[in-house]
Structure formats: C-alpha cells, structure tokens
Amino acid sequence: MSTCANQSEQLVLERLSSEDPAAVRSAAFEAGDMGLESALGLLVQHIHSPNPGIQEAAEDALRKIRGTAVVSAVAPLLRSEDASVRNSAMDILREISSDDIKAMQLLVQDSDPDIRIFAADILGTSESPMAVAILSEALFTDTEVNVRYQICISLGELGFPEAAGTLSKALKDEEWVQFAAVEALAKIRADSCADILINALRNCSELVASTIITALGEMGNVRAVPILLQRLDEASGPLRNKTVMAIVQILGAPSLGLFAPKDLTKFRTYLLVALTDEDEDIIEAALTGLSGVGVGSVEASRAVLKLIERLDPMRGHDLVLLAQRCLASIGYTEGLHEGLLSGNDQVVQAVVEACGSIGCRRCIGLIIEQFFTFNRDLQRLAIYHLAASADKTDVSFFMEVLEQAEDPQVIKEALSFVGQQALCTVAAPQLLHFLEHADDDVKEAALDACLAMQSPEVNAQLTGLFSSRNPLMRLMATYSMGRIDATQYLNDLSVALEDEIPDIRKVALESIGGICANRPELLTLLAPRLSDESREVRLALVELIGQIDTVQSTELLVQALGDEDNWVRIRAIESLGARRITKVLPTLVQMLDGSDLLVVLKIIEALGSIGGKMAFRALLSLTGHSDPDIQSAVSEAIAHIREEQGEDI
C-alpha cells in the first residue's frame, strides 16, 4: 500500500475515534467506500452509538465492506442485551450471510436457542443452496420447537424445491411447526409441494387441515381438486367453506361448470352455504363460484339477495358490487321479482343493476312494472338502464314517465329514448312542450330529441321559433337551423348574426362556420363579428377562422392581433404561427413589449414556428430575460428554428 493510501486510511481511523459526531459519521461512510477492514472494530463499536446518524453510517459501511471478517465481527452482536443493536446485526447479516455460510452454520448449532432462531432467520435470506442442507439437518436435531418453526419459515423464504422432502417430514412435528411447514411449502409452490400437502390432508388435525386447504387454494394446483371435493362431505361447516373457497380459487368460475352433474349440484349447495359465512374472502369465493354454476337457479338468486340485505353498504361496498355482478351472471329468475318487492332499497338497487346488465325482456318488464314505486335515486338508476335496453315497444312507458316524472334527470333520459332511440315522431308535441321546461338541461335534451327525429314537421316547428320575442326560443331555433341545414337557413342565420343576444350571435356564427370550409366566401358574412361587443363571439370567430386556411381568414387573424382580449389574441397568434405567416413577424415582435406573460409566451412559440432571421434575432434579444418561463420558451423556440433552418439563419 502506498504512503498516501496509508495516510488516508489513518485519517479515517482517527476521525472514527473522534468525539465529533459529524466527523465520525462522514468517516464511517468513507470507510465503507474504501472497503476498510481495519476499521471493523470501530464500526462495530459504533453500532452501539446512541446517535442514529452514526449508527446508520456504521451499518452502511459494514454492508459495503462485507466478507467473512465482517460476518465474524457482527455475529457477536446477536448476543447483545440491547434490542436495537441485535436488530442492526440481524439486518446486516441478512444481507451478507452468504459471505460466510460456515459461520452461520455454527450459530445454528449454538447452545442458546435464541441465537439458533436468529441464525435460521438470517439463513432464510441468504439465497444460498448450502443453507437448505444446514437448515434441514438442524430441523431434525433441534429440540426447541420455536427453532424448528423458524427453520421451516426460512426454508420457505429460500424457495428451493430441494427443501420439500424436509418440510414433508416436518408435517409430522408439533402443530406449531406444521403450520410453518405448510406456509413454506406454499411459498415454494413446486408440484412436489402440492403433492405433499394433498397427502398430508389425509392424516392431520382440523386446524392444520384448514391451513393446508388455504395453501392449496393459493397455490392453484389442479391436482388438489379431487381430494378437496372428497373432503366436502366429511368436513365441518367452517372447514367445508374453506374447502369450497380453495376449489373456486383453483378452478375459477368458468371451469366449475365442467363438474359432473352430481358433483355440480352438490357443489352449488355448498356454495350457497358458504354465502352465510362471516369471512369476506369465503363470501367472495362463493359469489365467484355461483357466477359460474348458479345460472338460472332461483335458490342462488335468493341467497345472493339475502347476502346483499345483510351487508353494510359502506364497509361491504365491494362485496355488494360483486353480488350484483353475480346476480347478473345467474340471470333472470323469480328471485329478482321477489327482490324488487322486498322493500329494501339496497336489495332493490342490486336487482335493478342486475336486470340492467342482463337486459332481457323479462328483466325490462320487471323494472317497468315497479318503476313508479321507486324513490328518486332508484328511478334515476332504473331509467338509465331502461334507456339502454328497452325497444320501441316500450315507448308508451317512457311517455308515461314524461307525464308523471318531476326529476330532471329522469325526464332527460326519457326524452333521449323517445326522440333519439325510438325516433317516435308521434310524441313530438309532448317533446316540444319540454322546450319550455324550467330546467335548462331538460330543454336541451328535448331539443336534441326533436332534432334526432329528422321530421320535416318537427323541424318546421323548431325553426319557426325564430320569430319569437323570447330570446331562448330564438336561440333554440338558431341552433336547430345549424343542425338541420345551415345552407337552407342561411338568410335567417345572417339575421341572427345581428341579434341583440350574444349567445344567439355566437350560435349563428358557429352554424355558418360549419359550412365555411366548403364555402369560404361566407367568411365575408362573419367578418364583422370580429368587432362584436361580446368577447365570446369574437373568440368563437377566431377559433373558427383558425380552421379555415384562406387568404381572407389569414387577414382576419392578423386583424384579431389587435383585439383587447388576451385569449382572442392568443388564438390568433397560435393559428398564424401554425401557418408560418412571415408577414406578421414585425407585429409579433412589437407585441412582445407590454403584453401579458401568457401572450408573450405564445408569441415566442409562434416566432419559433415561423422562423427566419427576424424571429431568430428577436428571440436572441430575450435570452437574458429575468423570467425563467420566458427563458425556457426562448430556448425551445431557438432550438426549433436551428433544427428547421440550420445555417440559413
């Protein structure tokens, strides 16, 4: 080692011995980075430090140095009376025990059972195949049950299939050890482990059997199903329910239907019983199973509805949703009718949801039959599903809803169905009546429903509202003209552009704008709106002409740069930048002074898009700007110009 290295090492050791906590901590980190084995004594001593920072640095250093020397130095700390020191030693050795497996083997044979437990725990994280042999030998020789328990747990953590034979023998040990062995075999998950657990089921206590059955369900090995089915008749209630859950976990709902008819009937019965369990995992499995084997079963429907009735709607929300899906999978049965008549809102809601998902005529009929007995929220839910599943034969029901309902949301769904789905023109007079409803959303739904019919008579009534003194009627007429055929109503729409109501002018502008792409000369009609007193009208026009790439639209966009509203100017800047209109560069550069930050950022972006020497010079002048947002935008814009135009700038 060089003199310089010796001096550096000596300095680290001196600082590790310092009284200054900061110096000790930094020296510990340096010792770890240098791999300084000569510092081991001091580092181990600092594991005892009451200063958390020093203790952390010492632990970090020992982990980095690693090796047999570190294992030997840290292992004695396992005997400390200080729990924090023992825990630190455990954490370090869990990471580095593979550096000296033989030293760990000696600890597994220690006279102190606590040390043997610690050593077994540590070996479980070593990832070393050698640890399997060491732990397996100790499992057969150790007299302390807690040590044998930890050995089984560690063999499971290691996950090597070679441990299966050892764990198989552990299943003949005390129950406490058996539980650990089952857990370990489940973690290893090899086919041999499943076979061992299956065989162990034939001769074990009910408690161990429960653990094994749970493990088999989690492992998902199909070979366990036959013996689990055999045990169903023999098992007690709780154990039978766990067995049912395991079978469902292994096979899943679709495969359950492949059982022989006799087994299928029996299994369905056990699923119904499992629904009454208090364990939510078992209930979830039972619902999943019934989704596969309960189709068409009225008993299954009734059992699921009883479950829903007893579930807490808040704590059991997920189970309620799963139960609703189960009902839908079972399909229509008389149980659904009974549920609708139950008087329990949670049950009724579940039935409505299920019927909506099933969507068959009988389910639709059930909801229609009981609709007017529902409260407001249930009516909203029911009408939503009915509007999605009903057909033209149900129009009379929806018309009755329109006559009786008071809730706007219910009315909207009914209007949508009658007008947009059923296209029932005979209902037009009633739908037109809702144009005068107090709720604006209902008015809008009624208008859309009337327009969807595409009836000349209805269209005439809608457009005829244009002569009304009521601004809202004129607004709906103007909107209707645009939806029906803006070209046909161009004269009226031109008149609407001058209406005293800004919203009407805006709708007229948008209606004419819809045909400007094919008839750009119509921009002449719209151009005066660039001076409209309403900011919303001007903004709508600028957004519209931004989509029409003609000389006239470009001139209008340039004119919009002088608008008093920031957003009107911003939309114009964006469109001109996208079109790369070079003639607006002087105007944009001039606008940099005195504009708000957002406008300036948009100008910078547009300059980057348009490019050229003028834009480049203007951007260069902003590189030293004090605002970081402007600096960032300028950098991006310059980079874009250089990428696009290169040496030409």
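The values are calculated or read from the model by the stated rules, or taken from the named source; none is laboratory data. The structure displayed is predicted, hence computed values, not measured ones. Quick reminder, even Gly has a Cβ in these numbers, built from the backbone with ideal geometry, and neighbours come from all protein chains shown. Areas reflect the complete protein model, heavy atoms only, side chains present, ligands, DNA and RNA absent. Shrake-Rupley method; radii C 1.70, N 1.55, O 1.52, S 1.80 Å.
Kindly evaluate Ile484 against the criterion of being within 25 Å of Arg571 (Cα to Cα), without any contact (Cβ under 8 Å) to a residue 40 or more places away in the chain and not small (Gly, Ala, Ser).
Against the criterion (within 25 Å of Arg571 (Cα to Cα), without any contact (Cβ under 8 Å) to a residue 40 or more places away in the chain and not small (Gly, Ala, Ser)), Ile484 does not qualify.
Please work out which residue is surrounded by the most Cβ atoms within 10 Å (Cβ to Cβ), limiting yourself to segment 431-483 and to residues that are in a helix (DSSP H, G or I) and of a type in the set (Lys, Arg).
Step by step, filter segment 431-483, then rank; the result is Arg474.
Listed here are the residues, each with its yes/no results for (1) assigned to a loop (DSSP other than H, G, I, E, B); (2) open to solvent by 20 Å² or more (accessible area, probe 1.4 Å); (3) touching a residue at least 60 places away in the same chain (Cβ under 8 Å).
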| site | (1), (2), (3) |
| --- | --- |
| Glu30 | no, yes, no |
| Ser49 | yes, yes, no |
| Thr68 | no, yes, no |
| Val85 | no, no, no |
| Ser111 | yes, yes, no |
| Asp114 | no, yes, no |
| Val132 | no, no, no |
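Condition (residue is surrounded by 14 or more Cβ atoms within 10 Å (Cβ to Cβ) and either closer than 19 Å to Ser342 by Cα or under 29 Å from the mean Cα position of the chain (by Cα) (or both)) applied to segment 260-269: is it met by at least one residue?
No, because not a single residue in segment 260-269 is surrounded by 14 or more Cβ atoms within 10 Å (Cβ to Cβ) and either closer than 19 Å to Ser342 by Cα or under 29 Å from the mean Cα position of the chain (by Cα) (or both).
In segment 218-246, which residues are in a helix (DSSP H, G or I), open to solvent by less than 40 Å² (accessible area, probe 1.4 Å) and farther than 13 Å from Ala274 by Cβ? Steps first, answer last, please.
From segment 218-246, those in a helix (DSSP H, G or I) are 218-219, 222-232, 237-246; that's our starting set.
Subset that is open to solvent by less than 40 Å² (accessible area, probe 1.4 Å): 219, 224-225, 227-229, 232, 237, 239, 241, 243-246.
Met219, Ala224, Val225, Ile227, Leu228, Leu229, listed by residue number.
Could you please tell me which pairs satisfy a Cβ distance under 6 Å, a separation of 6+ or placement on different chains, a first residue in segment 311-336 that is of a type outside the set (Ser, Thr, Tyr), and a second residue that is part of a loop (DSSP other than H, G, I, E, B) and surrounded by 12 or more Cβ atoms within 10 Å (Cβ to Cβ)?
Pairs found: Leu319/Leu311; Val320/Leu311; Ile330/Gly294; Ile330/Val295; Gly331/Val295.
Quick check: is even one residue across segment 134-155 assigned to a helix (DSSP H, G or I), free of Cβ contacts under 8 Å to residues at least 24 places away in the same chain and among the charged types (D, E, K, R)?
yes
Of the residues Ala190, Ala194, which is of a type in the set (Gly, Ala, Ser), more than 24 Å from Ser291 (Cα to Cα) and open to solvent by less than 20 Å² (accessible area, probe 1.4 Å)?
Every option except Ala194 fails the conditions.
May I ask you to verify whether Leu207 is open to solvent by 40 Å² or more (accessible area, probe 1.4 Å), among the aliphatic types (A, V, I, L, M) and at pLDDT below 95?
Criteria met by Leu207.
Taking the options Lys613, Lys583, name whichever one is surrounded by fewer than 19 Cβ atoms within 10 Å (Cβ to Cβ), within 22 Å of Leu556 (Cβ to Cβ) and out of contact with any helix residue (DSSP H, G or I) (no Cβ under 7 Å at 6 or more places or on another chain).
Selected residue: Lys583, the only one of Lys613, Lys583 that is surrounded by fewer than 19 Cβ atoms within 10 Å (Cβ to Cβ), within 22 Å of Leu556 (Cβ to Cβ) and out of contact with any helix residue (DSSP H, G or I) (no Cβ under 7 Å at 6 or more places or on another chain).
Return yes when Ala163 is among the hydrophobic types (A, V, I, L, M, F, W, C), without any contact (Cβ under 8 Å) to a residue 24 or more places away in the chain and more than 30 Å from Pro238 (Cα to Cα) and no when it is not. Let's see the steps before the verdict.
Working: among the hydrophobic types (A, V, I, L, M, F, W, C): yes; without any contact (Cβ under 8 Å) to a residue 24 or more places away in the chain: no; more than 30 Å from Pro238 (Cα to Cα): yes.
When the stated conditions are applied, Ala163 does not pass them.
Among the residues that make up segment 165-186, is at least one of them touching a helix residue (DSSP H, G or I) at 6+ places or on another chain (Cβ under 9 Å), crowded, with 23+ Cβ neighbours inside 10 Å and charged (D, E, K, R)?
no
Each row is one residue, and each column tells you yes or no for (1) crowded, with 18+ Cβ neighbours inside 10 Å; (2) outside any loop (DSSP other than H, G, I, E, B); (3) of a type outside the set (Phe, Trp, Tyr).
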residue	(1), (2), (3)
Asp563	yes, no, yes
Val568	yes, yes, yes
Ala578	no, yes, yes
Gly594	no, no, yes
Arg617	no, yes, yes
Leu622	yes, no, yes
Arg642	no, yes, yes
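When Met314 is evaluated against the numbered criteria (1) assigned to a helix (DSSP H, G or I); (2) open to solvent by 50 Å² or more (accessible area, probe 1.4 Å), which criterion, by number, is the only one it fails?
(1)
Across segment 309-327, what is the total count of residues that are of a type in the set (A, V, I, L, M, F, W, C), over 22 Å from the mean Cα position of the chain (by Cα) and at pLDDT below 95?
1
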